[in-house]
Amino acid sequence: MGYLRALLILGAVEGLIWTARADVLPVPFSGSGASSFDGWVNITSAYFSGYGGFPGNNAWPNPIGSNAEASGDSELARVAGSPTGGGPFLATDSIYFGNFSQVPNALGGTLRVSDGTPLPNLKTLVFQIQIGEADGYDFHDPTGYPVLKINGQTHAVSATYEPVLIGRYQNGTFFSPETQQDEPVYVNTWAFQWNLEPGITVASFQIEFSCVTHAQIYALQLDQSSDLQPQQIFAANEPPPQIQLVSLGTPEFSGLQTLMTHTFAGPAGKIIELEYSQDLAPGSWVVKSGISTGEGTFQVNFTASGDQRASWSQRMFFRAKYSTN
């Protein structure tokens, strides 16, 4: 059973990405019928110039087309900034929702993913977003969670199922006035799924969502399917492996190979398969099988031909599933 099928049937895929730290990566989608894919990676000021600076008061010059390999023609656009000033702009490592104040759960701005040429006979939409919290919030609660609008209508449709937290990692702490102690701040990957009503012909659609001030978006993924998925695709027969990257190794070049060791945390006493890649290209993943999670903390060695120190220090992607062997 491959990674894509394991995701669809078992929900057993966990994604991580490393770019000088550990982020959560949207996981692949696969199912019967025709499908299309759009992904946004490297959505930073280094790759897109002219998209504002702190605090993010300016509109974007243009929408940002999906840029992951094999993407279609969907676009990401800024809809609005914060009502108190500031808003989403492209910072050095993310889309940052800027603001001068530090108020928990304050509306930071609204973004929109849209497709004017959707998949024919569209039946199911899956949207994943990798988002960093601010003061314990990511989406503005309760009005910021992604909603779907079809064929230019203003009527907003919430996801068919409850959102699924695919994975997370801790990215620092914040002092909570409620608990009077430091609380963890997470980078989360959320998945939302819409199963469309029978008989609907979709000529265009958009997904809108609003985040809190100081939230950060690292990656997005949109998948479309011509078959109505019979259930929530992330519903699992057993809990997925919640894998976290505990510590980062330093890549070393020795002989003709680059070597690196990362330390992960996950469920104890399991055997998993871990894939890694330097980009999101479908054929670029390298599989490491038969990894024992031991007592819950385990190390994984990575090797590659040639000097990979520069690229491995910038960005690596990881995803894992329970072994079926």
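Each reported figure results from applying straightforward, stated rules to the coordinates on display, with no laboratory input. In this text, all values refer to a predicted model and were calculated from it rather than measured experimentally. As a convention, Cβ positions derive from the backbone with ideal geometry for all residues, glycine included, and neighbour counts pool all protein chains shown.
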With r defined as the distance between the Cβ atoms of F174 and T84 and R0 fixed at 25 Å, what FRET efficiency is calculated, to the nearest 0.05?
0.80
For the pair S226/T250, report the inter-label distance in nm, with labels modelled 7 Å from Cα in the Cβ direction.
5.3
Mind checking which of V287, G306, G109 is farthest towards the positive end of the chain's charge dipole, using Cβ charges of +1 (Lys, Arg) and -1 (Asp, Glu) about the Cα centre?
G306
For the chain, give the magnitude of the charge dipole about the Cα centre (Cβ charges: +1 Lys/Arg, -1 Asp/Glu; no others), in debye to the nearest 20.
340
If each part is reduced to its alpha-carbon centroid, region 124-164 and region 101-118 end up apart, in Å, by 9
Apply 1/(1 + (r/R0)^6) to the Cβ-Cβ distance of N58 and A34, taking R0 = 51 Å, and write down the FRET efficiency to the nearest 0.05.
0.85
Rank V113, V126, V300 by mean-square fluctuation in a GNM of the chain with C-alpha springs under 10 angstrom and give only the top-ranked residue.
V300
How much FRET efficiency would the formula 1/(1 + (r/R0)^6) give for A310 and S289, where r is the Cβ-Cβ distance and R0 is 25 Å, rounded to 0.05?
0.35
I need K123, K321 ordered by Cβ neighbour count within 10 Å, fewest first.
K123, K321
